[in-house]
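Only one structure is covered here, and it is reproduced in the block below.
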Amino acid sequence: MTRQADWYFDFVSPFAYLQFEAFDRFPDDLAISLKPVLFAGFLGHWEHKGPAEIPAKRRQTYRYCHWLAGKRGIRYKMPPRHPFNPLAVLRLAIALGPDPATVGAIFRHIYTEGNDGQDPESLAALAASLGVEDLEARVGAPAVKQQLRANTEEAIERGVFGVPTFVVGEEIFWGEDMTGMLLDYLADPELFRSAEFERLDNLPVAAQR
């Protein structure tokens, strides 16, 4: 029986690229639905900062992603500026699918080849490689814009607060570093039904700032 997972991602996240390149680790019976979302929408809703908005965390994040990619043998080159405005590439993915081939091509354009994620010339080259001649019309279509909003709102309603995030049933796995935990859950869903997991779900707050 095929199992279903939703993967919420934004091309602005290098962690999303690194997790995407690890999809071959998932079991063959897991059907993954790729759902582009606007990470900035999460930041606004949950009222928190992205890693690139904290200078020390930004440096640490970029260095870690470079190191991790090398450790895994993944070709990796950060684009010339980051964070970038991902709206055009998110909408392009929605307009064309989004299927793994399209999503992979966009990720690799930015993080394998190190191209700019929002520069018009870079986007034109990406569109041409995907056979898209009317880029502005495709990414500007009202239905495409609405789908991106709907994906983002759906994710927030399900409790998603960051990217990349897998949702399997009611379980949320945020971050590339949750891949191993997700694999364990897929192998044994009872793992999350223990008394200790239940206690952790209901742990009281002792102090607030």
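The values are calculated or read from the model by the stated rules, or taken from the named source; none is laboratory data. Please read these numbers as outputs of a predicted model, since none were measured by experiment. Every residue, glycine as well, gets a Cβ built from its backbone with ideal geometry; the counts of neighbours run over all protein chains shown.
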Seminar exercise, completed: Residue count, region 135-172, condition at negative phi and outside any helix (DSSP H, G or I), comes to 14
For this session: From the list ILE32, ILE106, ILE74, pick out the single residue that is more than 17 Å from GLU176 (Cα to Cα), at pLDDT 95 or above and among the hydrophobic types (A, V, I, L, M, F, W, C).
Result: ILE106
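From the set of residues in region 119-134 that are hydrophobic (A, V, I, L, M, F, W, C) and outside any helix (DSSP H, G or I), which is farthest from GLN146 (Cα to Cα)? So that I can check it myself, show each step before the final result.
Start the filter on region 119-134 by keeping residues that are hydrophobic (A, V, I, L, M, F, W, C), which leaves 123-128, 130, 132.
Next cut, outside any helix (DSSP H, G or I) only: 130, 132.
Numbers: LEU130: 22, VAL132: 20 Å.
Filtering region 119-134 for residues that are hydrophobic (A, V, I, L, M, F, W, C) and outside any helix (DSSP H, G or I), the one farthest from GLN146 (Cα to Cα) comes out as LEU130.
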Exercise. Taking region 113-131 only, how many residues are polar (S, T, N, Q) and surrounded by fewer than 15 Cβ atoms within 10 Å (Cβ to Cβ)?
Worked result: 1
Exercise. Is region 180-187 home to any residue that is modelled with pLDDT of 95 or more and either of a type in the set (Asp, Glu) or farther than 27 Å from PHE26 by Cβ (or both)?
Worked result: yes
Exercise. What single numbered condition from (1) under 14 Å from ALA93 (Cα atoms); (2) surrounded by 21 or more Cβ atoms within 10 Å (Cβ to Cβ); (3) of a type in the set (Gly, Ala, Ser) fails to hold for ALA141?
Worked result: (2)
Exercise. What's the number of the condition ASN151 fails, among (1) over 23 Å from ALA22 (Cβ atoms); (2) crowded, with 19+ Cβ neighbours inside 10 Å?
Worked result: (1)
For this session: Answer with yes or no whether PHE161 is in contact with a Phe, Trp or Tyr (Cβ under 7 Å, 6 or more places away or on another chain), touching a residue at least 24 places away in the same chain (Cβ under 8 Å) and surrounded by 13 or more Cβ atoms within 10 Å (Cβ to Cβ).
Result: yes
For this session: Given the conditions (1) over 19 Å from VAL12 (Cα atoms); (2) at pLDDT 95 or above, report the number of the one that THR152 does not fulfil.
Result: (1)
